[in-house]
Structures are given as structure tokens and as C-alpha cells.
Amino acid sequence: MFMDNIRLAFSELFANKMRSLLTMLGIVIGIAAVITIMTLGEALQNSTKDAFGGAEANQIAFVVAQKGMKDVYDSDNRDESARKMKDSDMMDTRTFEELGARFGDRLMGISLSDALGKMKCDDETVNVQSVNPCALETAGEMDMVAGRGISNEEYNSGRKVAIISKDTADEVFGSSEAAIGREIEGSLGKKTVSYTVVGVYKKKDSGIKDMLMGASKMETVYVPYKAGLNTSLDDVKFDQIIAIAKDSSDVKALETEISDYLNENKYGDNDTYKVLTVTMQSQLEMVDKELGIYKGILAAIAAISLLVGGIGVMNIMIVSITERTREIGTRKALGATNNDIRLQFLIESMIICLVGSAIGIALGMLGGSGLCAAMSITGTASASSIAASVLFSMAFGIFFGFYPASKAAKLNPIEALRYE
Amino acid sequence: MNGDVVIDLKKIYKRFYEGSPNELEILHGVDLTVREGEFVSIVGASGSGKSTLMNIIGALDRPSDGSYTLGGTDICAAADNELSHIRNKQIGFVFQTYNLIPRNTALKNVELPMMYARLNPFARKKRAKELLELVGMGDRISHTPDELSGGQKQRVAIARALANDPSIILADEPTGALDSRTGRLIMDLFHKLHEEKGITIVLITHSNELAEETERVLTLMDGNIISERRGNAYVHGQYKTRVQ
């Protein structure tokens, strides 16, 4: 009986090909849109996580802030009349040593980094960034295409060496190999500076990261942190430091333990200032959450077209039942019960919706992977969104088929048989 | 020779718009019995209440008053679902306009009553083939109604009516849409089924000529059965010459 109804539904579907196709179109478009959006959304979320994998995701920033503030973004509670920050309120190399002694085995290190400014050399303008090894770790994955990285000795002594990007090397020296050992010079602010190129790097492309961080098209020259300093490192005061955890699962614990330690031992007696924390993980979670919200809103809008499609199915079912009034009368005369008739038309509307959703899923998968490819991220439709589409379209078939099917079931057989 | 009472109608009244000012009484206390194996015709002009009576006999409608037992079941007391089952098992309809399901093959059409009787697909198919052979349509089982002539469609409809081995075949103007030659062939088929298989047939028609071919002719006029007699042609066996 059930199989008979399914067979019957398909034969009706093929008997009116054009009409069936137009009826299904709403469902097809709706499902395709939902699948495309879900695929794209999930791909964006995944590639965000991937783009900030490794050391970058393990950053924990400790920011010196007023005691009244709840978090680093809490400008409402900032007291403008409070006393200005003094050197003694800030952190320095002694803080690093204390943290190293206490948490050294769990930390990759403290990231030191300073944007020295834009340097003009020939026609090129490049950013000059001073880094320690730890900071370079968080600058993104890079491969050395020529020469070598900055050595420990160079980091410690603060020698004027640099690693430059492949693009800069090509532009200024002609090729990566030609750049090694040469001086890159230019004006940095009012000074003229010169660094010996020891290596040429190439960064891995990350479209998603550029999108989120607002990538500058400008190339960066990395120099040892001490090479950028005019004074001894011990004299530098920091109003914020970034520690990097070795293990991503340890970030939350380190965040609490280090800030508790600093606030007790260093800021316990401070009348105005303390440290607040912010982690890359929490930032990424926020981005992930926002992407999730956008995905949800877009999917909901797409679902409206699914609703319109469902109404279309209901409409065509009513038309079809009116056309087939005599058939329904005949079936009843031959012994079909009201339930038999209802089931027949419910299955028919479910089949329309299911076939529509199958086509929609196929189109949505194509659309989703097409858009992902255009944004150079990888994404495939998730099994859960496909399963949800199938379940939803079945539910739609039942919901929008129920009224027409009940109408058919309730037809009076005598009148139905007489219907012209 | 004829057996138990299959159809027993007693004092059947049918009124439409009951209780309203334009109440209309179509049947005024009809009494009618049909025994197993009989070939009975109900003849009457249009407006005589033929269709209304047929709907009641066919369990498509309930009488306003009176009692009706079909094969021992009280039709008046049956719920909608029970009426469906009664129509399915006890009655084989043959309509003037065939009423085959379009786009379904002859075989599928004949299978339909058996499908609603929840017979398994194999048994259904086997019996449908046998029945189509019986009505001389064995070579057309996979044709759809569009591909069949009127007479062929009516043969398929008769095979379908026989599907669940019903107590009676209820034929409503079965030759009404056919030319006389084809109509003749259909009538011959009814006689063959009646004589060879002992099938009970109730023929509803406006044609006296056709009615004469049946064992018993009941004339309906203005909602009453006004006469009951033996069919002349049946008695004299005249139709038989045409069968051969």
C-alpha cells in the first residue's frame, strides 16, 4: 500500500513534468540557499580557527588598566580624573623574569614586538617591525626561501640584521638569492637606517586572516627587538605584555593564574592600577559567535523562500485534487477509506518536497563549494545540514500537504463521482 | 436455483435538505430483495430516483428511513469506514463512464480494489491477470485507458468490479456511452458471467430493451417501484443466439 502510493506519486510527478518542476522550484531554491549559506558559514568558521592555529591562538595579553574596569573594553568605568600611569605602574624585564621563574615550563615565552614605522627604500615602502623569537612565532607561518632566520646571538646582541619578504627582495634586489648579505636602507622617521639582510621569507596565504585583521598590502621587514631599541631592554617599560602558552588547553588556566599572580604580587599595593587579560582564544570565540549569528540570520532569510515554496506545493496540491475529483470518487467507490485517500495525497506532497530537496541539496553543495573556492577557503556541506534539509522538507510535505489531503479525504463520493 | 437474499431493502426513504423548507423526498418507501445468482434490472426514466436508489444499494449513501441489509450487514448503522469496506468487499461497480484511473495500466486498475483490501502485490497481480483474461483483455494488460476503446475500457472496469469477489455487480448504464454493437458485447459479457460464474448482477438502465434481457425487471417511477416482472427476452432465451 505504502509502496503503491510512492509509485503513484512518482507517476503523477512525471505525468505533469513542467508543473512538477515549477512546483518544486520554490523548495529547490530554498534548500539550495540554506545549504549554500550553511556550507559557507561553516567553512568560514573552520578556516578562522585554522588560520589562527598554533602559537597565535595561544596568546594571552596582560594589559595594565584602572582598578575599576571590568575588562579591557570597559571604557564606561574608566575614571578620567585618575592619576596618569607612571613607570612604576608598568611592567619590565623583572616582571618577565618573575613570570619565567614561575610559569616558564608552561610558557613558550613572552612576545616582544614593536612597530618601528614605515621605511622608504627606493620606490618601496615597507613596515619595519622589531620582534623577539616569540613574537615572530605569532606573525604567522613563514618559510625561508633564501638565507636563514635571525640567530639567537643576533637577537641577544641587537645587531642590525633583517629578514625581508620575497616580494621586497624581488623588488629591491631583483631576486631572493641576490638579497642575502646586502644592506636594506631607507629613512625611518627622521633617521636613516640600514639593516643587513640575512634571510628572505615567504608567508603562507591566509585570505581569511587578511579579511579579519584588515591586511595591509605593505610588506614587513623583521629586525631583532633590541636592534629597534635606543636604550637597554632593562629600562623599557611595558603597559601591556603578551605571553604565549605552550599548550592551547592551558590558556585559560594560565590567564587566571598569571593575572592573579601579577595582581597579588605586583599590583596588590597599587592604588589605581591592575592588570586585565584578553586571550586570542576568547577573541576567536567572539568572531566564531558572530559568524554563527550571521549564518543563522542568512539561513533564516533563505528559509523564508522555503516557506514560500511550501505554500506553492500546497497550492498545486489543491489544484491537483480538484482536477482529480472523479478519480478520488472512483477510489472511494472501490473501497478506499478516508485515511487511504489522505495518505495517498500526503505521500504525494512529501515526494514533491523530497525530490525538490534532493535537487536543492545538489545545487546547494555545488553553490557552497563554488563560493568557498572563490573565497579560497575549503568547505563542504555538512551531513547535519543535509539531514536537516531532508527532515525539514519531509515535515514541509506533511504540513503543507495536510490540508489538501484532508480536503480530498473528506470529499463525498457521490458528488465526486458526478464531478465533471 | 437462486440462493440466499443478498440485498434486502425495506421501506427505503430518501429525503434531501431534510428539515428545511425545500425538503425533497426522492424515494418513497422502496422494498427490494435480490437473491444470490440473480440478474436483476432496475429500469426507469430520468428523475425516477434511479441514481439515488443505486447510491443506496451501492453503499455510497445511507437511506433517510428504512432498513438495508447487504450480505447480512446492516448498512444504515455502518460508519464511513465500514461503508468503505463494504463497498470494497461486497460491491463491484461498473459505471457508464468507466471511471478508470488515468495513467494507470489496465492491470493496475484491476488491482486497485485488491490494494484497498490490503492483498499482497503478488496475489493482486495474479488475480488481476486472470480477471483480464476472463473479460477477454488478456492481451491489453499494460495499456493505459487512453490507449483503449470504450468497449475495452468497460471490460477492464468489469474485471475491476470482479476483483474482490463481491456479492453483487452494480452496473449503472454500462452500455450508455457505447455504440450498439459494442454495447451488445458488454451485455453478452454480463450474461456469460451470470450464467457461467453465477455472479449476481443489478443492472440500472433507462432502456427497456436491455431490461428485458434480465431475469427480473423492476420499474421505478417517481420514487416507487411500480411493477416487477420476468424479462421477456430472458425467458425466451433470445439474447443467447446473439452470444454465439
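Output yes when any residue across region A:300-321 is within 14 Å of chain B (Cβ to nearest Cβ), in contact (Cβ under 8 Å) with a residue 24 or more places away in the chain and either over 26 Å from the mean Cα position of the chain (by Cα) or under 30 Å from B:V110 (Cβ atoms) (or both), and no when none is.
Going residue by residue through region A:300-321, those that are within 14 Å of chain B (Cβ to nearest Cβ) are A:320.
Those left that are additionally in contact (Cβ under 8 Å) with a residue 24 or more places away in the chain: A:320.
From the residues that got through so far, the ones that are either over 26 Å from the mean Cα position of the chain (by Cα) or under 30 Å from B:V110 (Cβ atoms) (or both) too are A:320.
Yes; the residues of region A:300-321 include at least one that is within 14 Å of chain B (Cβ to nearest Cβ), in contact (Cβ under 8 Å) with a residue 24 or more places away in the chain and either over 26 Å from the mean Cα position of the chain (by Cα) or under 30 Å from B:V110 (Cβ atoms) (or both).
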Task: Single residue of region B:89-103 satisfying the filter (within 19 Å of A:L13 (Cα to Cα) and surrounded by fewer than 18 Cβ atoms within 10 Å (Cβ to Cβ)) that is farthest from the other protein chains (Cβ to nearest Cβ) - done: B:P102
Task: Residue tally, condition of a type in the set (K, R) and either more than 15 Å from B:N81 (Cβ to Cβ) or crowded, with 19+ Cβ neighbours inside 10 Å (or both), over region A:402-420 - done: 2
Open item on the list: Let me confirm something: among B:S149, B:S67, B:S142, which residue is surrounded by fewer than 21 Cβ atoms within 10 Å (Cβ to Cβ), more than 10 Å from chain A (Cβ to nearest Cβ) and in contact with a Cys (Cβ under 7 Å, 6 or more places away or on another chain)?
Closed with: B:S67
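Residues are listed down the side, and each one gets a yes or a no for (1) in a strand (DSSP E or B); (2) in contact with a Phe, Trp or Tyr (Cβ under 7 Å, 6 or more places away or on another chain); (3) within 13 Å of chain A (Cβ to nearest Cβ); (4) free of Cβ contacts under 8 Å to residues at least 40 places away in the same chain:
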{"position": "B:V40", "(1), (2), (3), (4)": "yes, no, no, no"}
{"position": "B:S48", "(1), (2), (3), (4)": "no, no, no, no"}
{"position": "B:A59", "(1), (2), (3), (4)": "no, no, yes, yes"}
{"position": "B:A78", "(1), (2), (3), (4)": "no, no, yes, yes"}
{"position": "B:S84", "(1), (2), (3), (4)": "no, no, yes, yes"}
{"position": "B:L112", "(1), (2), (3), (4)": "no, no, yes, no"}
Task: Given (1) among the aliphatic types (A, V, I, L, M); (2) loosely packed, with under 15 Cβ neighbours inside 10 Å; (3) in contact with a Pro (Cβ under 9 Å, 6 or more places away or on another chain), number of the condition A:A383 does not satisfy - done: (3)
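Determine if region A:37-45 includes at least one residue that is within 30 Å of the chain's Cα centre (by Cα) and free of Cβ contacts under 8 Å to residues at least 12 places away in the same chain. First the steps, then the outcome.
Of region A:37-45, the ones within 30 Å of the chain's Cα centre (by Cα) are A:37-45.
Subsequent filtering for residues that are free of Cβ contacts under 8 Å to residues at least 12 places away in the same chain retains none.
Taking every residue of region A:37-45 in turn, none turns out to be within 30 Å of the chain's Cα centre (by Cα) and free of Cβ contacts under 8 Å to residues at least 12 places away in the same chain.
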- [ ] Scan region A:126-179 for residues that are among the aromatic types (F, W, Y) and farther than 25 Å from A:L107 by Cα and jot them down.
- [x] A:F173
Task: Cβ pairs under 7 Å, 6+ apart, first in region A:99-126 and free of Cβ contacts under 8 Å to residues at least 24 places away in the same chain, second surrounded by 15 or more Cβ atoms within 10 Å (Cβ to Cβ) - done: A:A115/A:N127; A:A115/A:Q129
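Residue-wise test of (1) in a helix (DSSP H, G or I); (2) closer than 25 Å to A:T48 by Cα.
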| position | (1), (2) |
| --- | --- |
| A:A243 | no, yes |
| A:V251 | yes, yes |
| A:K274 | no, no |
| A:Q281 | yes, yes |
| A:K289 | yes, yes |
| A:K295 | yes, yes |
| A:L298 | yes, yes |
- [ ] Could you list all residues from region A:58-94 that are basic (K, R) and within 29 Å of the chain's Cα centre (by Cα)?
- [x] A:K70
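Taken together, the values in this text are just the output of simple stated rules run on the coordinates, not laboratory data. Everything numeric in this text was worked out from a predicted model, so none of it was measured. As a convention, Cβ positions derive from the backbone with ideal geometry for all residues, glycine included, and neighbour counts pool all protein chains shown.
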